[in-house]
Amino acid sequence: MYVDSATAEEFRIRRLLEAQANAIKLFDTVVEHGLIAAGQSEKAISDRIRDLADDLFGATRHWHKRIIRSGPNTLLPYNDNPPDRILQHDDIAFADFGPIFAEFEADLGRTYVLGDDPVKLRLTADLPRIFDAGRRFFAEHPAITGAQLHAEIDRLAREAGWHLGGTGFAGHLVGEFPHEIMDAERIHSYIAPGNTTPMRGTDRAGRVCHWILEIHLVEPAGGFGGFYEQLLDIG
């Protein structure tokens, strides 16, 4: 049966939003169950969230490695694999999971403060605020490139008193699993300084590009960081 491109795109958007809604529900349930707690190891928490995703949604696959980082590990970029760490009572921690729902990818990141440290709490509050500001900037600039959005995220971070952490990019393409492979040779897949391609375009298959915006903020003295990500252009 023939399906026109507009109908196919509506289907893609609906599935991406459903995948994200499931991931948000997963993370909300993590908080309700108190899974991110002092005395627990990062690996144990990650395994419990993995099992919870299976229990709630039958989601057994994740398109990227599951990440729970705490304390100094929150400073590290995605590609690092630090030793397992036990969460402390005054810790900050973040979760970055990419579960696959009905062959569509979700990618969600959230940060949690275990104690009442005011600087950590301010960082956690600034993460979604800077995300929202970056999303507004994207919406207001139809021809924006990945490099331009990255520069704005960097400006917003510094204005708030933080530094950008991570691997030098602030997001990436997302879609059906597996989405286009991303590596240094395909900088157009990233929200990064080297990407001078307009973000509003199509991929190699002619489908509309959809993006994840990720904010990794680091405390200037380098003591800890935080992370927040979700869909940028829809939702």
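Taking first residues from segment 188-211 that are touching a residue at least 40 places away in the same chain (Cβ under 8 Å) and partners that are of a type in the set (S, T, N, Q) and open to solvent by less than 50 Å² (accessible area, probe 1.4 Å), the Cβ contacts under 7 Å between residues at least 6 apart in sequence or on separate chains come to HIS188/ASN195; ASN195/THR145; THR196/THR145; THR197/THR145; PRO198/THR145; MET199/THR145.
Residues of segment 129-150 that are surrounded by 15 or more Cβ atoms within 10 Å (Cβ to Cβ) and either in contact (Cβ under 8 Å) with a residue 40 or more places away in the chain or touching a His at 6+ places or on another chain (Cβ under 9 Å) (or both): ILE130, PHE131, GLY134, ARG135, PHE138, ILE144, THR145, GLY146, ALA147, GLN148, LEU149, HIS150.
Residue-level check: of (1) out of contact with any strand residue (DSSP E or B) (no Cβ under 6 Å at 6 or more places or on another chain); (2) under 24 Å from MET199 (Cβ atoms); (3) assigned to a helix (DSSP H, G or I), ILE130 misses just (1). Any residue in segment 26-37 that is within 21 Å of LYS120 (Cβ to Cβ), surrounded by 14 or more Cβ atoms within 10 Å (Cβ to Cβ) and of a type in the set (Gly, Ala, Ser)? Yes, because at least one residue in segment 26-37 is within 21 Å of LYS120 (Cβ to Cβ), surrounded by 14 or more Cβ atoms within 10 Å (Cβ to Cβ) and of a type in the set (Gly, Ala, Ser).
Which of the residues spanning segment 46-65 are more than 18 Å from GLY34 (Cβ to Cβ) and either among the hydroxyl-bearing types (Ser, Thr, Tyr) or crowded, with 16+ Cβ neighbours inside 10 Å (or both)? Within segment 46-65, PHE57, ALA59, THR60, HIS62, TRP63 meet the criteria. Of the residues ILE92, ILE68, the single one that is on the phi < 0 side of the Ramachandran plot, free of Cβ contacts under 8 Å to residues at least 60 places away in the same chain and surrounded by 20 or more Cβ atoms within 10 Å (Cβ to Cβ) is ILE68. I'd like the residue in segment 71-89 that is within 14 Å of the chain's Cα centre (by Cα) and surrounded by 13 or more Cβ atoms within 10 Å (Cβ to Cβ) and, out of all such residues, is modelled with the highest pLDDT. If we take residues in segment 71-89 being within 14 Å of the chain's Cα centre (by Cα) and surrounded by 13 or more Cβ atoms within 10 Å (Cβ to Cβ), then THR74 is modelled with the highest pLDDT. The number of residues in segment 95-115 that are of a type in the set (A, V, I, L, M, F, W, C), open to solvent by 10 Å² or more (accessible area, probe 1.4 Å), modelled with pLDDT of 85 or more and in contact with a helix residue (DSSP H, G or I) (Cβ under 8 Å, 6 or more places away or on another chain) comes to 1.
The values are calculated or read from the model by the stated rules, or taken from the named source; none is laboratory data. What you see is a predicted model; the values in this text were computed from it and never measured. Neighbour counts run over all protein chains shown; Cβ positions are idealised from the backbone, glycine included. What goes into the accessible areas is simple: the full protein's heavy atoms, side chains included, and nothing from ligands, DNA or RNA. Shrake-Rupley method; radii C 1.70, N 1.55, O 1.52, S 1.80 Å.
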